[in-house]
Amino acid sequence: MIFKIGTFSKLSGVSVKTLRYYDQRGLLQPDTIDKFSGYRYYSAEQLLIIQRIIDLKNRGFTLEEIKSLLAEDVSPADVKKSLTAKQLELQQFIKEAQSQLKEINSGLERIKDLDDQSSTVPIAIRNVKSQLVASIRDIIPRSHLCLLLDEIKQYVREHHEDENRSLNVQWHNNDFEDDLIDVEVALPITKKIPGSDRVNIHFWPELIQAASLVHWCDPYHSSCSALAELATWISSNGYRPSEAEPIREIYLTADQDLYGKLRRAELLIPIENS
């Protein structure tokens, strides 16, 4: 018994377009083609073949792999080899997917924490403890700050420290032309690691008292309204900025949780009594 392609499509559950594609790929060719009308006809036996193709596709095999498995001269050893290879491939896929799912779950937890903290935090005065850091200080265009941050992250990663700890930035002298900034970027580390001609391993000093403002900012933008807001608060509350230590900023949003331009940060201006 033979069927026109439309009827065969309905019986097999495979679209006419897909049947034509399988023909082009040499996977399932029509039983006969009318040389005058061009009509394609499929046999009843080919219903079994199309079901085998569907079954192998559901197991994850590609069309090329299916073509090999449907070959007349395929041996049981060849089938075993193909099935084993696909088993290993799928196991690796599952392992990678589970790892990605774990990262997604962790990201959701971190986003939940950020969402819980999204309400306005009042300006406060706090003490900042000394901490061991790996840092790089350089005079750069502000637009190159991201490169400096990436450089310090890569360095601590190469020395088996966690690159996802809160990035710290110290703003030194910004009185340069052409938007140049004197900036030091740092990552907290748990132990002494080797330094280099670029990376300094040292303790950032304690800030005895600093005015703190938690805000959302674009680190690469040339101006920050939070700085003016905090400076006004300092002068209005009987303090003045200390010249002993530079302004410090802690990025509370990790890079892997940064989806837009803005990240949550804590601005710290060391202060003393007026």
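How large is the accessible surface of ILE136 in square angstrom, using a 1.4 angstrom probe and rounding to the nearest 10?
0 Å²
For q = 0.19, 0.21 Å⁻¹, what log10 I(q)/I(0) does segment 14-80 give under the Debye formula with an equal point scatterer on each alpha carbon and no solvent?
-0.79, -0.93
As an exercise, find the ratio Rg/Rh for segment 1-144 from alpha-carbon atoms, using the Kirkwood inverse-distance average for Rh. Each step should come with its number before you reach the end.
On the way: Rg = 29.3 Å, Rh = 21.5 Å.
Taking Rg over the Kirkwood Rh, I get 1.37.
Students often forget the sequence filter, so: which lysines lie under 23 Å Cα-Cα from LYS81 once same-chain residues fewer than 8 apart are removed?
The qualifying lysines are LYS57, LYS67, LYS95.
Average projected area of the Cα convex hull of the chain, in nm²?
25.3 nm²
Cross-link candidates for LYS192: which lysines have Cα within less than 27 Å, leaving aside residues fewer than 8 places away along the same chain?
Answer for LYS192, where 27 Å is the Cα cut-off: LYS129, LYS153, listed by chain and number.
The values are calculated or read from the model by the stated rules, or taken from the named source; none is laboratory data. Remember, predicted model here, so these are calculated numbers, not experimental data. Surface areas here come from the heavy atoms of the whole protein model, side chains and all, with no ligands, DNA or RNA. Shrake-Rupley method; radii C 1.70, N 1.55, O 1.52, S 1.80 Å.
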